[in-house]
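Before any comments, here is the structure.
The values are calculated or read from the model by the stated rules, or taken from the named source; none is laboratory data. Keep in mind that what you see is a predicted model, and the values were worked out from it rather than measured. All Cβ positions, even for glycine, are placed from backbone atoms using ideal geometry, and neighbour counts span all protein chains on display. Just the protein is used for accessible areas: all its heavy atoms, side chains included, with ligands, DNA and RNA removed. Shrake-Rupley method; radii C 1.70, N 1.55, O 1.52, S 1.80 Å.
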Protein chains: 4
Amino acid sequence: MRRYILTITCPDRVGIVAAVTGLIAGHGGSVLEAAQHGDLQSGRFFLRIEIVADSLPSGFGPAELAAAFEPVATEFDMEWHLSDTERRKRVVLLASKEDHCVADLLYRWRAGELECDVPCVISNHEDLRGLVEWHGVRFRCVPVPAGADPDAKSAVFGEIDRILEHERADVVVLARYMQILPPAFCAARPGRIINIHHSFLPSFAGARPYHQAFERGVKLIGATCHYVTAELDEGPIIEQDTRRIDHGDSADELRRVGRDVERSVLARGLRWHLEDRVLLNGNKTVVFP
Amino acid sequence: MRRYILTITCPDRVGIVAAVTGLIAGHGGSVLEAAQHGDLQSGRFFLRIEIVADSLPSGFGPAELAAAFEPVATEFDMEWHLSDTERRKRVVLLASKEDHCVADLLYRWRAGELECDVPCVISNHEDLRGLVEWHGVRFRCVPVPAGADPDAKSAVFGEIDRILEHERADVVVLARYMQILPPAFCAARPGRIINIHHSFLPSFAGARPYHQAFERGVKLIGATCHYVTAELDEGPIIEQDTRRIDHGDSADELRRVGRDVERSVLARGLRWHLEDRVLLNGNKTVVFP
Amino acid sequence: MRRYILTITCPDRVGIVAAVTGLIAGHGGSVLEAAQHGDLQSGRFFLRIEIVADSLPSGFGPAELAAAFEPVATEFDMEWHLSDTERRKRVVLLASKEDHCVADLLYRWRAGELECDVPCVISNHEDLRGLVEWHGVRFRCVPVPAGADPDAKSAVFGEIDRILEHERADVVVLARYMQILPPAFCAARPGRIINIHHSFLPSFAGARPYHQAFERGVKLIGATCHYVTAELDEGPIIEQDTRRIDHGDSADELRRVGRDVERSVLARGLRWHLEDRVLLNGNKTVVFP
Amino acid sequence: MRRYILTITCPDRVGIVAAVTGLIAGHGGSVLEAAQHGDLQSGRFFLRIEIVADSLPSGFGPAELAAAFEPVATEFDMEWHLSDTERRKRVVLLASKEDHCVADLLYRWRAGELECDVPCVISNHEDLRGLVEWHGVRFRCVPVPAGADPDAKSAVFGEIDRILEHERADVVVLARYMQILPPAFCAARPGRIINIHHSFLPSFAGARPYHQAFERGVKLIGATCHYVTAELDEGPIIEQDTRRIDHGDSADELRRVGRDVERSVLARGLRWHLEDRVLLNGNKTVVFP
């Protein structure tokens, strides 16, 4: 069923929902789902509404809805976005050698669990080519020379930039991509790069979190799906989860258990992003699952 | 902060939220929280809105809000209810000898986690008197003679009826009350008697669920908080949860682990009920947590 | 690291562990892991020991260890089994059209998470051929004619029998195989056929458990991995887990969430079986994870 | 049922279990439970055995068992401890104003879930006196003057020391005691002071973890039960758990949810300690639950 998804962020005040739902109802629009949140700390209001496309008059499509909505948006000083489920988001995955996240996302995509197009996977290694191409997805290898100096790195990400442009990527998913992105690359895509970190952030930020967890003797390990910002491991958190471990689990076994948490946390986070269920609130997120 | 909580159930159609929020905004009402659900199967719509009392004009209290709302309710054929957080619900607990649920609810009530009055605990045994009275709550013992015939039982529940009437009980919580309620007693209080069943229903309905679970060799045990109907263990489910067990756990250990699940599931279910977060949808519930 | 895994079941009495570990230590055997359980109800004792193969004298292999162990086994009336991790178990999957369990198991097998050989997948449909063959695994389609009479069904399972024989299958995994197995087929493989049931048994046994769960309005759904016996959905439970759902989830969404539980529960159950961590105790299991 | 619990730590080598169980079996001792762990990293071996007291010859009590065990302990260079379940550990709680952990532990103790004596609760405030004394437990108030200088603090902990001595405390539980212990006080009781920290360590160490969690926007909060060492929040972790929260939860609501995790994590950790299920392994723990 085709739907339009309207997401709104604005200063909180009386009458926002009445104005938005009044406008939609005035055009006969049927609301399938709606969720809202008022943040008492920041004074910001967050709203997400799914409208059944066919309930609007024929000829009244996304452009007409947006135009009709403009005055309301201006009145309430809204940042807003209107998605059309018929225009699927284009997702490009970045990966290295580890395949568990890529395999899981491609499986779910093929099974219809993720409403998006996946035109391409980019990796700095050749290892995942077979897996990716079997799913009918282009595989592009952009190697990162060991000990690459800033210029070399800059060339690498210039190439990745060009591929993303060419593929018209809406979202970039770091599916265990083991390279640090240049700050400018991140800054150009706020809220559009999703990473999976293999720890329960802020615990064990940085490299080798399973070894850190093993050394500290924690009783649960976790994973964190977050938007990437220029500050490593500090971006807004979308989703997290944990799994129980015990003294008998080696660092290798933590990795095995951890792969399962990573896969499910990343898949949930990405699905919510694709369905416009994640709104940014400063360095935090509002998630309407 | 004083709030009015409006809960609505009605046939789903265009314009419900616009009409309700429009009315509230028209009186300057500030919405703190709102949640909605359209049930595609039954075609029913469910809405819960929390309004900041002080945002409405002075002199415009619950009665005035209800009167103003009446035309909207009629237009959309709504079943609705308006609560005022200053008028706390009155909860009476029924218990037998086991104290874990009573102790937990009284603790949470005293700690301010449950917004209600607890005027009285009724039990068919004397065991819990000390615990209850230490919390400053009346304790009423209404024994049920062993092997009571229907007439004797009827007298018992007549007495309980009178106490509930006298205490002006809004909600009855069966906190491990080990007697079966007469159908008429249940029918008189639809959606107002809450039970905690010590299994993950519909598994192990009936008596001694931990023994049934032990015999079957399940790897998780659970608890179910549900509204009581005339059909035993078949009422609408409010909340459930499970805990992991293993082959080394005896039936006694299942009971110990189970007590923890029961306490937390019942406390969550009751809190949601007290905050008007649970709406009935046939034999199911809509919960806006 | 090559290991011998000894599993033992016998009547409980004094001296079992001393006798077994004494024999192992007497040959210089190093124990990597050991776990035991005495069942007070049945009076049975369960033991699992992993021995580092290289710690035993050269020339003292599984056959020699078994021979040395025989007198102890006789003395204590033991049922016992000795596995050698170098002799990987051979697993044949049975599936129908749904691919989530097959895809997950093949992924984990290829990733080295499951220590076994997977020579073949058998299905009553052609749908999974591409997926299976991409993993380098033989795919055998054995159709079951719609409305097959007993003779036709008997022919089908005769064919499956022959394939299992030919592939020297140690374990059969029903990875969402939508056919009921003939009792004789089950009886011939006690503790060697593993099924994944898409509910938290004993809730919602039988067909269409997600629809049953949706109709009942439960707040958690689950999955159960169990050994298959002649009595449908009644075999010994190996592993179970649950996931939270809510009133907003359609029966389709329950299926999506449920697929994730099924995959992880089946993978854990199979891994434990492959590592000889599951011992039968009547219609229950002892699991040493 | 009276049991002797033997816990052992020693360098890992062939024959430990055979020697220990051989000795026990030689005296006719019946083993109720046993668990072991070999730590590949440190090369240390950990063993816990529960022996049914009545299975040993009459007159062969803990002292005789210990004497008989001494040669084995020497041979294998063991650190070991023998507990007698008839000699219940004495637990003293330290608390401040918050009552949720104290109330929960006293409830469980009274309900028979914690096998120990609780002679006394010490607090730096008077608030919990009524609760504690209702349970028949002595309440001692040892105030800590605001802005106490080192000398004043030293006097406070001298007084606490004397009370612990007088009460013959085996274990000290910091049940939300909001004072930092002097290093010497900690050093004198290695593995005998248990703290509950209201975060999933190492995340949000230090003060006000729920505020830190709220500010960071995490999607789960947790609690950590650990042994106290001179280094704040860095001691060996016994148990941890997490609960899901969302953007709608205020810092106050995190505290409410958090109290439930704290209570259950502390109760589990303490129960395991009381049953000698927690063995120290450097700055980590081995837990045989």
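Miscellaneous remarks
- Answer residue from region A:33-60, given it is over 14 Å from A:Arg277 (Cα atoms) and within 8 Å of another protein chain (Cβ to nearest Cβ) and is most open to solvent (accessible area, probe 1.4 Å) among those: A:Leu40
- A count restricted to region B:113-144 and to residues that are open to solvent by 50 Å² or more (accessible area, probe 1.4 Å) and under 17 Å from the mean Cα position of the chain (by Cα) stands at 2.
- Residue among C:Asp276, C:Asp260 that alone is assigned to a loop (DSSP other than H, G, I, E, B) and either modelled with pLDDT of 95 or more or crowded, with 19+ Cβ neighbours inside 10 Å (or both): C:Asp276
- Meets criteria (more than 10 Å from chain A (Cβ to nearest Cβ) and touching an Asp or Glu at 6+ places or on another chain (Cβ under 6 Å)) for D:His273: no
- When region B:194-219 is filtered for residues that are in a strand (DSSP E or B) and touching a Phe, Trp or Tyr at 6+ places or on another chain (Cβ under 7 Å), only B:Ile194 remains.
- Boolean, B:Arg256 is away from chain C (no Cβ under 13 Å), without any contact (Cβ under 8 Å) to a residue 40 or more places away in the chain and of a type in the set (D, E, K, R): yes
- Residue within region C:189-196 that is touching a residue at least 12 places away in the same chain (Cβ under 8 Å) and within 23 Å of A:Arg110 (Cα to Cα) present: yes
- Members of region A:23-44 found to be more than 24 Å from C:Gly248 (Cα to Cα) and either assigned to a loop (DSSP other than H, G, I, E, B) or of a type in the set (Gly, Ala, Ser) (or both), listed by number: A:Gly26, A:His27, A:Leu40, A:Gln41, A:Ser42, A:Gly43
- Taking the listed residues C:Ile194, C:Ile221, C:Ile238, the one that is open to solvent by less than 10 Å² (accessible area, probe 1.4 Å) and more than 16 Å from the chain's Cα centre (by Cα) is C:Ile221, with no other qualifying.
- Enumeration of residues in region B:66-83 that are of a type outside the set (S, T, N, Q), more than 14 Å from chain A (Cβ to nearest Cβ) and either closer than 17 Å to B:Val287 by Cα or touching a strand residue (DSSP E or B) at 6+ places or on another chain (Cβ under 6 Å) (or both): B:Ala66, B:Ala73, B:Asp77, B:Met78, B:Glu79, B:Trp80, B:His81, B:Leu82
- Residue count for region B:100-112, restricted to those that are hydroxyl-bearing (Ser, Thr, Tyr) and open to solvent by 50 Å² or more (accessible area, probe 1.4 Å): 0
- Among the residues of region C:220-243, those identified as aliphatic (A, V, I, L, M) and part of a loop (DSSP other than H, G, I, E, B) are C:Val228, C:Ala230, C:Leu232.
- Members of region D:22-32 that are without any contact (Cβ under 8 Å) to a residue 12 or more places away in the chain and either open to solvent by 40 Å² or more (accessible area, probe 1.4 Å) or more than 8 Å from chain C (Cβ to nearest Cβ) (or both): D:Gly26
- Candidates A:Val278, A:Val218, A:Val261, A:Val173, filtered to the one that is more than 14 Å from chain D (Cβ to nearest Cβ) and among the β-branched types (Val, Ile, Thr): A:Val173
- Every residue from region B:224-234 that is more than 10 Å from every other protein chain (Cβ to nearest Cβ) and open to solvent by less than 40 Å² (accessible area, probe 1.4 Å): B:Tyr227, B:Val228, B:Asp233
- Scanning region A:244-257 for residues that are part of a loop (DSSP other than H, G, I, E, B) and either of a type in the set (Gly, Ala, Ser) or open to solvent by 20 Å² or more (accessible area, probe 1.4 Å) (or both) turns up A:Asp246, A:His247, A:Gly248, A:Asp249, A:Ser250.
- Taking region D:61-78 as the range and being part of a helix (DSSP H, G or I) and open to solvent by less than 30 Å² (accessible area, probe 1.4 Å) as the test, the residues that pass are D:Leu65, D:Ala66, D:Ala68, D:Phe69, D:Val72, D:Ala73.
- Within region B:199-215, the set of residues being open to solvent by 30 Å² or more (accessible area, probe 1.4 Å) and at negative phi comprises B:Pro202, B:Ala205, B:Ala207, B:His211, B:Gln212, B:Phe214, B:Glu215.
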